[in-house]
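So the structure is just underneath, and the comments pick up after that.
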Amino acid sequence: MARIAGVEVPSNKRVEVGLTYIYGIGRPKSRSILEKVKVDLNKKVKDLSPDEVTRIRKHIEADEVVEGDLKKQINQDIKRLMDINCFRGRRHKMGLPVRGQRTKTNARTRKGPRGSMIKKKK
């Protein structure tokens, strides 16, 4: 197994797919990284030479924002929206859908489980 950006990349997968196990790297970004460092897309991770692994690792560390740094950046962006009290920030604070979805019937993921109706005793 190759360790890239603090993540164990599975050795039995193709390099193109294996890099997607790193948070912040999808298939298109994986392809572009491998083209820049001149590594074959169809090679398995276990067949990579140590030189190729170090080239991939150096490129990701230098040019890509992944894993913890990316998560931190996303959280800072959300916090900024909440601080400036814009519409999206208020929706984040209230725990409601942010991107214009309806909330009358759906949005159970953001709102949580339905509260049961409390019946009054007579």
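N85 fails exactly one of the following numbered conditions: (1) in contact with an Asp or Glu (Cβ under 8 Å, 6 or more places away or on another chain); (2) without any contact (Cβ under 8 Å) to a residue 12 or more places away in the chain. What is the number of that condition?
Condition not satisfied by N85: (1).
Can you pull out every residue in segment 56-108 that is in contact with a strand residue (DSSP E or B) (Cβ under 8 Å, 6 or more places away or on another chain) and among the acidic types (D, E)?
Narrowing segment 56-108 to residues in contact with a strand residue (DSSP E or B) (Cβ under 8 Å, 6 or more places away or on another chain): 56-57, 60, 67.
The answer is E67, and nothing else.
Within segment 1-66, considering only helices (runs of 4 or more DSSP H) that don't extend past its boundaries, which have at least 2 residues that are out of contact with any Lys or Arg (no Cβ under 7 Å at 6 or more places or on another chain) and among the basic types (K, R)?
Values: elements: 15-18, 27-36, 50-63.
Per the criteria, 27-36, 50-63.
Pull up segment 89-118, narrow it to residues that are at negative phi and among the small types (G, A, S), then point me to the one that is modelled with the highest pLDDT.
Checking each candidate, the answer is G89.
Output the residue which, of all residues in segment 35-84 that are at pLDDT below 95 and of a type in the set (S, T, N, Q), is nearest to G24 (Cα to Cα).
T54
Suppose we keep only residues that are outside any loop (DSSP other than H, G, I, E, B) and not aliphatic (A, V, I, L, M) within segment 82-103. Which one would you say is farthest from R114 (Cα to Cα)?
D83
The values are calculated or read from the model by the stated rules, or taken from the named source; none is laboratory data. Keep in mind that what you see is a predicted model, and the values were worked out from it rather than measured. Cβ atoms come from the backbone with ideal geometry, glycine included; neighbour counts cover every protein chain shown.
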